[in-house]
1. Estimate the FRET efficiency between A:Leu99 and B:Leu145 by the formula 1/(1 + (r/R0)^6), using the beta-carbon distance for r and 25 Å for R0, to the nearest 0.05.
2. DSSP beta bridges in the protein assembly as shown, what fraction antiparallel, as a percent rounded to 5?
3. Mind checking how much accessible area B and A bury in total, 1.4 Å probe, in Å² rounded to 100?
4. How much FRET efficiency would the formula 1/(1 + (r/R0)^6) give for A:Lys312 and A:Asp357, where r is the Cβ-Cβ distance and R0 is 30 Å, rounded to 0.05?
5. With each run of n ≥ 4 DSSP H residues scored as -39500 (n - 2.57), what mean residue ellipticity at 222 nm is computed for the protein assembly as shown after dividing by its residue count and rounding to the nearest 500 deg cm²/dmol?
6. Using 0.36 nm times the number of residues separating B:Gln313 and B:Arg169, minus their current alpha carbon distance, what extension gain do you get?
7. Explain nothing, just compute: Karplus ³J(HN,Hα) = 6.51 cos²θ - 1.76 cosθ + 1.60, θ = phi - 60°, for every residue of segment A:303-311 in order, whole Hz, x for Gly and Pro.
8. Please go through segment B:145-205 and write out the trypsin sites (Lys or Arg not before Pro) that DSSP classes as loop and that have at most 14 other C-beta atoms within 10 Å.
Amino acid sequence: MENSHPIVEMRNITKTFGSTRALRGVDFTVMRGEVHALVGRNGAGKSTLVSALSGFTSADTGAIRISDTRFEATGQNYAALIRDDIAHVQQTPRLFDHLTVAENLFIENPLIRKKFGVISHKSMLARATALLNEWNIDIRANAHAGELDAGTRQLLEIIKALSRGVPVMILDEPTAALSNAEKRVLFEHVKTLKNAGISFVYISHHLDEVFEVADIVTIMRDGQVVKAREPVGTLDVETIANLMMGEETVRSAREDHTDKSAPILLQAKGLRVNKFATADIDFEVRRGEIVALAGPVGSGKEDLAMILAGQKKPQSGQVTSPRGTLPTIGFVPTDRHASGYVGILGVRENVSVGGLDILSGPLGFIKGRKEADLVAQLARLTNVISSSLEQPVSQLSGGNQQKVVFARSLCRSPDVIVALSPTRGVDVGAKEQLYALLRDLASKGLGVVVVSDEEDEIEQLANRVTIVFGGKIVDELVGDYSIKDLILHMEGVA
Amino acid sequence: MSVQADTTSNSNAQDTGPSKLSAFGSAFVAQGFTMFPVLLLLIIVGAFVAPAFLTSRNLINILEQVSVLGLTTIGLTFVVLIGRLDLSLEGVVGFAPMLAAVMLVPAAAGGYGVELPGWMALFVALGAAGLIGLFNGFMVVKVGLNPFISTLGLLVLLRGGVLIISNGRSIYSPGEALTYLGSAKILGLPVAVIVFVVVATIVGLVFQFHRYGRALYAVGGNEEAARAAGINVDRVIWSAFFFAALLSGLAGVLLTGRLDSAVTTQGQGIIFSAFAAAVIGGVSLGGGKGTIIGVVSGVLLIGVINNLLTLAQVPSFYVQASTGAVIIIAAVLTTVASQRSSGVKTRT
């Protein structure tokens, strides 16, 4: 394959948001038929760069060429110019919930259009069904997009972009919501399309994916490229991590302090977690342990965690505590954007909303002093970086937003903390800080329940791993285990 | 372990923060003071245009006139803060005092002949208003209706209801118990103004310092996040509709007092002014944003403009049109100011 012909050339691209210089003169080149991984921490400028490339946000200055279209960026919108040259799959799927799968896939697609803009439903359904079969997705083409789970929605978004037949595709964190099987299907298609000459710009926080799927890696830090077009074979995890961080980093290791004799804080008996569950779950959380719930997407592990946290009612069974009254539980929801923080409110208000009852006097008025002290203390504990505690949380980086959600969950000094996807969409540095926080909480005697889809994360954190599958507990790992053990147990082959 | 959770990273990175002036600007806008310079300007202009404007009598007159709109707007703000709306408040302004009036006055004066004792007047009016609010809450929380359609229906229903219970006739002099709040004066100051100021102060304090206020902002900002934080979202929604209707009922009583009659058309059109005042005051129709200080500025702005245009003897057709124009201009100003100061986009 002849790979020497550039299909994308960006020269000296700059972009400023308010006082933040998100891109400081970036050069970026993509060859025809390559998978080009763009890596960097949150806020390094990866998403801004690809948004400038796709026209989703307009670059302030610089020269851009995609395929045969070339132009100078001036801050004006140029998305329409390059509509047929590039497709951009965003981190969060943008589907029309009230339209069917087929309608979503072929929206504004000339393939199914007849005279006068009339749409052929028959041909649309046939084409959609063919696509779904090709991708091994077991849903009807006339199902509503709103009924689908997160993984399928993400795949649909990718298929939609791929079926537009553009020469360049941007995939921004495409696997965040995908199960391992879905990832496999995606990677197969990326490889096939690559061989057909399609180029990919691939953003991911998962370096293992980068090694698996990418040919070329470009590393960004602080709005600049620190390593351009490096063949993936010449890099290793350590090198990439160091270039991302700008300093030596060590991945932290798990601390084991499981104690079988530690008192039980929270106990579930005979739980049916959802209406598909076929068996009862018994589960307990002990003082000072970090227990992870693992399993494929839709296994019921999240349901179990939500029930433990009192956020959801079980189908049957109950959650109790040997001490009689239920312990105070801190809750970190899966999706911080949807249910973690209130974007227009400041850090202070977001944190203290978790403990309004303990912060207010008998008449319900909030004690300002007490609130300020508690919030400052929790912000320090969780390492929130903000210009002030009044800064709106929507302006913070993903990592800091997540720390705010953690601070909120700690407001009422909980005995148990239940964290779902505790580091989703969070950069490496913030990730380690959150891991350190969770370990610190466990060593202080809290029971910590973590739900995660990342084996690395579980292996770094949990003293005990409970594997949930089909609404029941199928396996458990305690104490000393390796990531290989974990994967084998999760695949049910150990 | 490489990173400690308790490393000494300061959460208040002072050096990178905005300058003092722009911090003051942001706080100025966030607290709801945006419109006060405009208000001040209007007052100065007014003093030159109409000599009668800057007299204590006229100023008190303005305050008295805005107190009805003010209470309704404060009520509306409860609902708007949680990202909902309530059109039926206009109906409450007319219905609640009318119900009290027909229960009070003798049959000869258009009443039902129930002739409840005078002290029941407020009880009936506010009780009816509160029940209407609870009904709205029920429709939104339990039945799951969009508040636009459920409160629109109720607005029309209440309009008709006023005609039904009054038999289409206004009731004059419904008795001092009902009219005291809207007509009496203490030391030359109308009681209506005192009521408005007291309510505004209490609600302002609650919004800013009470856990209930905090819950309103949280629910309006992100309902799911509020739920996950342990706030009883349903109860917050119910109560917001309740307080909104209650305050509108009180506004209706003040209006009846000022007119010394319960008029069948009472309150018509007030919901538009209330929305305008709220938006001018910086309340975001998307929810989660707005202060009572801002609401008061919005209400005063509308009151002052109306008063000035009247004093300047602008024909009444023009008064209405220019009020509309001013509303749009003021809303643009508020939106631009809040976007520039906080960088957070809001839907107003």
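1. Numbers: r = 24 Å, r/R0 = 0.97.
According to the calculation, E is roughly 0.55.
2. On the way: 47 of 82 bridges.
Around 55 percent antiparallel, to the nearest 5.
3. Working: alone 17130 and 22690 Å², together 36810 Å².
It comes to approximately 3000 Å² buried between B and A.
4. Numbers: r = 21 Å, r/R0 = 0.71.
Once the sixth-power term is evaluated, E becomes 0.90.
5. Details: 30 runs with 388 residues, N = 842.
Theoretical 222 nm ellipticity from helices: -14500 deg cm²/dmol.
6. On the way: separation 144, 0.36 × 144 = 51.84 nm, distance 3.20 nm.
Length gained between B:Gln313 and B:Arg169: 48.6 nm.
7. In residue order, the calculated couplings are 4, 4, 5, 5, 5, 4, 7, x, 8 Hz.
8. Details: sites: B:Arg159, B:Arg169, B:Lys185; in loops: B:Arg169.
The qualifying sites are B:Arg169.
The values are calculated or read from the model by the stated rules, or taken from the named source; none is laboratory data. The shown structure was predicted, so the numbers you read here are calculated from the model rather than taken from an experiment. Here the Cβ is made from the backbone with ideal geometry for all residues, glycine too, and neighbour counts use every protein chain on show. Heavy atoms of the whole protein, side chains included, go into the accessibility calculation; ligands, DNA and RNA do not. Shrake-Rupley method; radii C 1.70, N 1.55, O 1.52, S 1.80 Å.
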